[in-house]
Amino acid sequence: MSVSGLPPYDPGNIFARILRGEIPCKKVLESEHALAFHDINPLSPTHILVIPKGEWVSAADFHAGASAEAIAGFWRAVGEVGRPLEGSGYRILSNMGVDAGQEVPHFHVHLFGGRPLGVMLKRG
Ligand code: AMP
């Protein structure tokens, strides 16, 4: 069990396979701690996923268990990916667990931009 109550890390998940180079991705940035690539099913003109290189199921696991260096390196990569959109703005989001609808059990942050994104969440 991961700290978030989700199943343990599955090294067969699709993002783990991308990290191992078994599946291609449209890479945006790679650093020591992170990989960023375009979402295969974009919800906005810019929709980029940023993932840490370590084996973390969710935001909860990552922030509880990763080293300070890995956490800083990851968020620095998120900032770099967003830099071209700083004029117009962007949104970052991470789904954690069932209620959030997390599909891929490797921690990731979505970065959306390229159009006005509307309200953050529907009320209710
Ligand atoms: P989440 O619901 O937060 O787990 O989001 C998972 C995201 O991964 C979705 O937006 C998918 O479109 C995206 N995705 C799934 N498979 C791939 C892939 N092979 N390459 C890029 N994005 C993917």
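The values are calculated or read from the model by the stated rules, or taken from the named source; none is laboratory data. The structure displayed is predicted, hence computed values, not measured ones. Here the Cβ positions follow ideal geometry from the backbone for every residue, glycine too, while neighbour counts run over all protein chains shown. The accessibility values were calculated without ligands, DNA or RNA, using every heavy atom of the protein model including side chains. Shrake-Rupley method; radii C 1.70, N 1.55, O 1.52, S 1.80 Å.
Below are the figures for this structure:
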item	result
From R123, R83, residue being in a helix (DSSP H, G or I), without any contact (Cβ under 8 Å) to a residue 12 or more places away in the chain and out of contact with any strand residue (DSSP E or B) (no Cβ under 7 Å at 6 or more places or on another chain)	R83
Criterion violated by V50 - all others in (1) under 20 Å from P11 (Cα atoms); (2) β-branched (V, I, T); (3) within 11 Å of the ligand (Cβ to nearest atom) satisfied	(3)
Residue match in region 89-100 (condition: out of contact with any strand residue (DSSP E or B) (no Cβ under 9 Å at 6 or more places or on another chain) and away from the ligand (no atom under 16 Å from the Cβ))	no
Number of positions in region 9-42 that are open to solvent by less than 90 Å² (accessible area, probe 1.4 Å) and in a loop (DSSP other than H, G, I, E, B)	12
Selection within region 94-118 - within 22 Å of P84 (Cα to Cα) and free of Cβ contacts under 8 Å to residues at least 12 places away in the same chain	P116, G118
Tabulated pairs, region 7-22, first within 12 Å of V104 (Cα to Cα), second in a helix (DSSP H, G or I) and within 10 Å of the ligand (Cβ to nearest atom), C-beta under 9 angstrom, 6+ apart or interchain	P11/R17
Unique match (being open to solvent by 30 Å² or more (accessible area, probe 1.4 Å) and small (G, A, S)) among G65, G73	G65
Check on P45, open to solvent by 20 Å² or more (accessible area, probe 1.4 Å) and within 16 Å of the ligand (Cβ to nearest atom)	yes
Tally of residues being of a type in the set (G, A, S), farther than 21 Å from V98 by Cα and touching a residue at least 40 places away in the same chain (Cβ under 8 Å) across region 41-75	2
